Amino acid sequence: MPRLLFLCTLLLTLNASLVSAEVKVADFDSIELFTLTNSNGMVVKATNYGAIITTIEVPDRNGKIADITLGYDDVSGYMNAVDKPYFGAVVGRFGNRIAKGKFTLEGTEYTLALNNGVNTLHGGNIGFDKVVWYAEMVGDKGVKFSYLAKDMEEGYPGNLSVSVKYTLTDDNEIVIDYHATTDKATPVNLTQHAYFNLKGEGEGTILDHELVINALRYTPVDATLIPTGELAPVDGTAFDFREAKKIGRDIDQTDEQLKFGGGYDHNWVLNRKKEDGELDLAARVVEPTSGRVLEVLSTEPGVQFYCGNFLKGNLKGKSGKPYDYRGGFVLETQHFPDSPNQPNFPNTILQPGETYDSKTVWKFSTDK
């Protein structure tokens, strides 16, 4: 779809909604791509459209560089993507799902767009992944994206001022810093939706990747992928990743939870040992052939592990190769899905005068 046709479609969507993101033609003319490099040859590229990370190039155990995140060569690919894969984007104002697109806050019921069956997903029809952020470089290895989500945008209360900063270190780390303030109480749950394939984007499935998730429990879901409220033990289930195992080892077990998600698409309750606000290990992934290793550290209480169950091979990425079924995995550090409707889950309501601060680090290395 040409950009102009996409824009007309987007504007029609805006006009059909009572309050939605205020996207203008001029915003699309300010889209930029930023490149970060370090002393080890690692390259990270990000655009202010959706605060999307488009490229992550890292070496394997032999020093061979490959791009290990799924995405497109041109911003039009992200604008026109079918099946809403959210490749590399920051999602919000509330990442993940909210049941039936409703929540009650301080006595008022708020109604959101239903963009995932009967539920709301990743902020609504025009979430943070589909708007143009203000961008500025931070030194020579960082870029900061900022956005003001207006009161009642996509149905959420409060003017929310939000920023995300990506910093590339010489230790092959991508440091992701989120910050937000509001003038009304509002749910906030920001996360990064990068898909990884440590063999290289477009290089087949990720089922042979070896995964550890630092969690004793996970949150089971109903048939629409909304948590039931239970914090269930992983012990004795296909959801036990306390010790390294191949992603594909148990994925086809006869299990109602796996059936609901079409595989793994669930939130794990992280076994945090550090104080709130400090980084702790969430997950570790090793790709045996290349030796590439990804460690995910975060201040968040949960991580959504999703293994590309909705990829169908109909999307072609930067290499021109199709993104196969289960051709990428996502580790979304987060608060739990549907938290505004689940009083026993960690709080996601940001109040005026408070600040939302969250940090996640992706650390890349090799296993010799």
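The values are calculated or read from the model by the stated rules, or taken from the named source; none is laboratory data. Fair warning: this is a prediction, and the values are worked out from it, not measured in the lab. Here the Cβ positions follow ideal geometry from the backbone for every residue, glycine too, while neighbour counts run over all protein chains shown.
Among residues of the stretch 70-119 being among the β-branched types (V, I, T), over 15 Å from the mean Cα position of the chain (by Cα) and not in a helix (DSSP H, G or I), the one that is modelled with the lowest pLDDT is V82. Selection within the stretch 87-137: residues that are at positive phi and either in contact with an Asp or Glu (Cβ under 8 Å, 6 or more places away or on another chain) or of a type in the set (S, T, N, Q) (or both). The member of this set that is surrounded by the most Cβ atoms within 10 Å (Cβ to Cβ) is G123. Give me the pairs, please: first residue somewhere in the stretch 173-187 and over 11 Å from G142 (Cα atoms) and part of a loop (DSSP other than H, G, I, E, B), second residue anywhere and at pLDDT 95 or above and among the small types (G, A, S), beta-carbon distance under 9 Å, and either six or more positions apart or on two chains. Correct list of pairs: D183/G158; D183/S161; K184/G158; A185/G158.
A search for C-beta distances below 8 Å between a residue of the stretch 346-368 that is at positive phi and at pLDDT 95 or above and any residue that is part of a loop (DSSP other than H, G, I, E, B) and among the aliphatic types (A, V, I, L, M), counting only pairs 6+ apart in sequence or on different chains, returns nothing.
Here the stretch 44-69 is the region considered, the condition is being outside any loop (DSSP other than H, G, I, E, B) and over 19 Å from the mean Cα position of the chain (by Cα), and the residue that is nearest to K165 (Cα to Cα) is V58. Among the residues making up the stretch 354-368, those that are assigned to a loop (DSSP other than H, G, I, E, B) and either among the polar types (S, T, N, Q) or closer than 30 Å to R61 by Cβ (or both) are T355, D367, K368. Within the stretch 120-169, the set of residues being part of a loop (DSSP other than H, G, I, E, B), under 21 Å from K100 (Cα atoms) and under 17 Å from the mean Cα position of the chain (by Cα) comprises H122, G123, G124, N125, I126, G127. Within the stretch 138-158, restricting attention to residues that are farther than 24 Å from A185 by Cα and among the small types (G, A, S), the residue that is surrounded by the most Cβ atoms within 10 Å (Cβ to Cβ) is G142. Scanning the stretch 48-71 for residues that are buried (at least 24 other Cβ atoms within 10 Å of the Cβ) and farther than 23 Å from A135 by Cα returns V58, I68. Take the conditions (1) under 19 Å from the mean Cα position of the chain (by Cα); (2) within 20 Å of P340 (Cβ to Cβ); I206 misses just one of them, which is (2). Restricting G262, G248 to those that are at pLDDT 95 or above and more than 27 Å from V361 (Cα to Cα) reduces the list to G262.
Across the stretch 266-299, the qualifying residues are those that are free of Cβ contacts under 8 Å to residues at least 60 places away in the same chain and buried (at least 20 other Cβ atoms within 10 Å of the Cβ), and the one among them that is farthest from I176 (Cα to Cα) is H266. Applying the criterion of being surrounded by 17 or more Cβ atoms within 10 Å (Cβ to Cβ) and not hydrophobic (A, V, I, L, M, F, W, C) to the residues of the stretch 348-367, the residue that is farthest from E173 (Cα to Cα) is T348.
Restricting G107, G117, G101 to those that are farther than 29 Å from F364 by Cα, out of contact with any strand residue (DSSP E or B) (no Cβ under 9 Å at 6 or more places or on another chain) and free of Cβ contacts under 8 Å to residues at least 60 places away in the same chain reduces the list to G107.
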